[in-house]
Amino acid sequence: MINAGRGLAGGLLSSDESAWQELYELNVLAAARLMRCAGLHMVAAGSGDIVVLGSVSGHHISPFSGFYGSSKWAVASLAEAFRREVASKGVRVSTIKPGVVESEFQMVAGYDRENFYKTIEKYGALLKPEDVAEAIAFIVTRPPYVLINDMVIRPAGQDYP
């Protein structure tokens, strides 16, 4: 699984501009490097599964995390281009785009009660890391001729984004 990333609260006007480059270095370029490294190994072996962790925020861009979302849009686009590059060589590339998952991610990204948590209270139960892990296990245990290209997984009550 390719999972390089961090979050950043806010859109173009409200996010911390000094964090933009680091965010893209990690969320896009580091993920691309991991895809390349894994892909070279798997192409040589003639098989393998690469699961790229995107975000529902990159699937449906939100103005409240627009800069972060744009990085996850970019990584999903890279994953699709990579899928097309290695599919004929026996390597499956999938992208999973989780919604809100209970983790330390939000606090590290700069989200707080006012800009995030009071908004998501209405979602009810949030995803747990195990929910995402189970979805990934489902993706990689399909027969070799079956590809789950993209999967969006959200808390049932998450209506936005």
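Each reported figure results from applying straightforward, stated rules to the coordinates on display, with no laboratory input. Remember, it's a predicted structure, so these values are computed and weren't measured experimentally. Every residue, glycine among them, receives a Cβ derived from its backbone with ideal geometry; neighbour counts consider all protein chains shown.
Normalising the average separation of contacting C-alpha pairs (under 8 angstrom, six or more residues apart) by the number of residues puts the relative contact order of the chain at 26 percent.
Among beta bridges from DSSP that stay inside the chain, the antiparallel ones total about 0%. Stretched out straight at 0.36 nm per residue, the stretch from A133 to H41 would grow longer than its current Cα-Cα span by 30.8 nm. Give me the tail of P(r) for the chain as a percent: Cα-Cα pairs with distance above 21 Å. Value for the chain (Cα pairs over 21 Å): 46 percent. Long hydrophobic helices in the chain: the complete DSSP H runs spanning 18 Å or more by Cα along their own axis with mean Kyte-Doolittle hydropathy of at least 0.5 are 31-45. For a paramagnetic label modelled at 7 Å from the Cα of W20 toward its Cβ, which residues of segment 54-77 fall within the zone defined by backbone nitrogen distances under 18 Å? Flagged as within label range: 62-75.
If we count every other residue with Cβ under 9 angstrom of V56's Cβ, Lys/Arg +1 and Asp/Glu -1, where does the sum land? So the environment of V56 carries a net charge of +3. In the chain, helices alone account for a calculated mean residue ellipticity at 222 nm of -11500 deg cm²/dmol, with every DSSP H run of four or more residues adding -39,500 (n - 2.57).
Electrostatic tally near V86: other residues with Cβ closer than 14 Å to its Cβ, Lys and Arg +1, Asp and Glu -1, net +2.
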